[in-house]
Amino acid sequence: ELQNLFGHSAWQGCQSAGRRHVSGQEVIKDSRFWVPLILSYTGARRAEISGLLDDDIAHIEGIPCFHIRSNAYRGIKGEGGEIEKSRIIPVHPHLIQLGLLDHAIPTQSSPTGLLFPDILPQARSKPRNSQPAKAVKIGEALDDFWRKSLCITLDGKPRKLCMHSLRHYVNHQMIHAPDVHEVTRFDLLGHVESGDAAQSINTHVARKHAAIASLRRVF
């Protein structure tokens, strides 16, 4: 399914930024290109990647890594609502090959500091009767593009997949990978389980890098 999905024109060549679902010669490397790819190679949450700052990609112990941490645009929380500590996720080799590290050069980024400034959320509606406008979650602007991509490549999206399905995919792959320890998986995915000793352990970056690199290329 992932290979079918990333065989779509948005990643293999489209006509233009406004016609990503039509095959062509243009590969437009903005949020619509990068965010789903990064999710499929990290297991992170949509908002965590959509809200990355350009300096949230850095070399740690000689390995390019994402630093998932709270900033002015979004926090980080577990699925149960508990606040998580920041975490380090090595960058998959395929993302490096595709040029992500060049994309993250601060001098090329927006004044916002966001790695993907094109999806900076706006209010859904104007304030009425002095009531504040309803906020849009960062990354939500990708939903329509993602749903259409799924429908086109997966024959109408029969399993009702969503962007969060990529997190489940990475988790599933690591559960069944014989060389990925549970502690490493917890540390990479930011799983917080009350009473579990694993949450207090930080895995060495090299071990986490091996786990991330074990994920198969999606194209």
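Of all residues in the stretch 119-126, one or more are open to solvent by 70 Å² or more (accessible area, probe 1.4 Å), polar (S, T, N, Q), outside any helix (DSSP H, G or I) and at pLDDT below 90. The residues listed here are Ala72, Ala58; of these, the one that is open to solvent by 60 Å² or more (accessible area, probe 1.4 Å), free of Cβ contacts under 8 Å to residues at least 40 places away in the same chain and not in a helix (DSSP H, G or I) is Ala72. Taken over the stretch 159-172, the residue count meeting the criterion of being free of Cβ contacts under 8 Å to residues at least 24 places away in the same chain, more than 19 Å from Thr184 (Cβ to Cβ) and within 16 Å of the chain's Cα centre (by Cα) is 2.
Quick one: is Gly139 modelled with pLDDT of 95 or more and within 18 Å of the chain's Cα centre (by Cα)? No: the conditions fail for Gly139. The set of residues in the stretch 146-158 being surrounded by fewer than 18 Cβ atoms within 10 Å (Cβ to Cβ) and touching a residue at least 60 places away in the same chain (Cβ under 8 Å) consists of Lys148, Ile152, Leu154. Applying the condition of being open to solvent by 60 Å² or more (accessible area, probe 1.4 Å), outside any loop (DSSP other than H, G, I, E, B) and within 18 Å of Gly78 (Cβ to Cβ) to the stretch 179-217 and asking which residue is modelled with the highest pLDDT yields Glu182. Residue under question is Arg32, and the condition is that it be in a strand (DSSP E or B) and either on the phi > 0 side of the Ramachandran plot or touching a strand residue (DSSP E or B) at 6+ places or on another chain (Cβ under 9 Å) (or both); does it hold? No: the conditions fail for Arg32. If the condition is being open to solvent by 30 Å² or more (accessible area, probe 1.4 Å) and assigned to a strand (DSSP E or B), then the stretch 13-29 contributes Gln15, Ser16, Arg19, His21, Val22, Ser23, Glu26.
The values are calculated or read from the model by the stated rules, or taken from the named source; none is laboratory data. Predicted model, so just to flag it, every value in this text is computed and none were measured. Cβ coordinates were reconstructed from backbone atoms using ideal geometry, including for glycine residues, and neighbour counts include every protein chain displayed. Calculation scope for accessible area: heavy atoms of the full protein, side chains included, ligands and nucleic acids excluded. Shrake-Rupley method; radii C 1.70, N 1.55, O 1.52, S 1.80 Å.
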